[in-house]
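What follows is one structure encoded as structure tokens, with my remarks underneath.
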Amino acid sequence: VADWAGDRLATASRDGTVRLWDMRGGSCTRTISVDAFGIETLLVDWQARRVLAACADESLRLLALDAAEDGSALQAVLEGHSEPVKHLTADFSGQRALSVSADGVVKL
């Protein structure tokens, strides 16, 4: 997910990490370990400095980008699917998310 105005990028990985990148220099500036058996996709609220990750462990995870490097980035785990979450959309200001998983279920 790109932040064109801020020249930064967030990527999800099947190794269970979110990486933040400096698009100008091409370097990784931060790696956040999510410990969720892989991340399928993510959304970023750059203003509020939060990430919502759709995970292969059947959950959504809300992460704080400004948290310390000690693993405190995790703010919430949202569960309810019985298969990996594949797609999501969110209204960060309204504090709601819509997720779709491989189980064919849509959750709000």
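Some notes on this structure:
- Inverting the pair-averaged 1/r between distinct Cα atoms of the chain gives 13.9 Å as its Kirkwood hydrodynamic radius.
- Based on Cα contacts under 8 Å between residues 6+ apart, the chain shows a relative contact order of 17 percent.
- Among Gly38, Gly25, Gly80, the largest mean-square fluctuation in a Gaussian network model of the chain, built with springs joining Cα atoms closer than 10 Å, belongs to Gly25.
- Taking the protein heavy atoms of the chain in the context of the full set of protein chains, the accessible area attributed to carbon and sulfur is 49 percent at 1.4 Å.
- The chain - charge dipole about Cα centre, Lys and Arg +1 at Cβ, Asp and Glu -1, debye rounded to 20: 260 debye
- With only Cα atoms counted, segment 7-49 has Rg and Dmax values of 10.6, 30 Å.
- Burial order of peptide ranges 15-22, 49-56, 4-11 (average beta-carbon count within 10 Å, highest first): 49-56, 15-22, 4-11
- Under the Karplus curve 6.51 cos²θ - 1.76 cosθ + 1.60, θ = phi - 60°, whole-Hz ³J(HN,Hα) for segment 3-10, x wherever Gly or Pro sits: 10, 4, 5, x, 6, 9, 9, 10
- Accessible area per residue, Å², the chain with all protein chains present, probe 1.4 Å: 56 Å²
- Projecting the Cα atoms of Leu88, Ser27, Thr41 onto the charge dipole of the chain (Cβ charges, centred on the Cα centre) puts Ser27 farthest toward the positive pole.
The values are calculated or read from the model by the stated rules, or taken from the named source; none is laboratory data. The model shown is predicted, which means the values in this text are computed figures rather than measured ones. Neighbour counts are summed over all protein chains in view; Cβ atoms, including those assigned to glycine, are modelled from backbone coordinates with ideal geometry. The accessibility values were calculated without ligands, DNA or RNA, using every heavy atom of the protein model including side chains. Shrake-Rupley method; radii C 1.70, N 1.55, O 1.52, S 1.80 Å.
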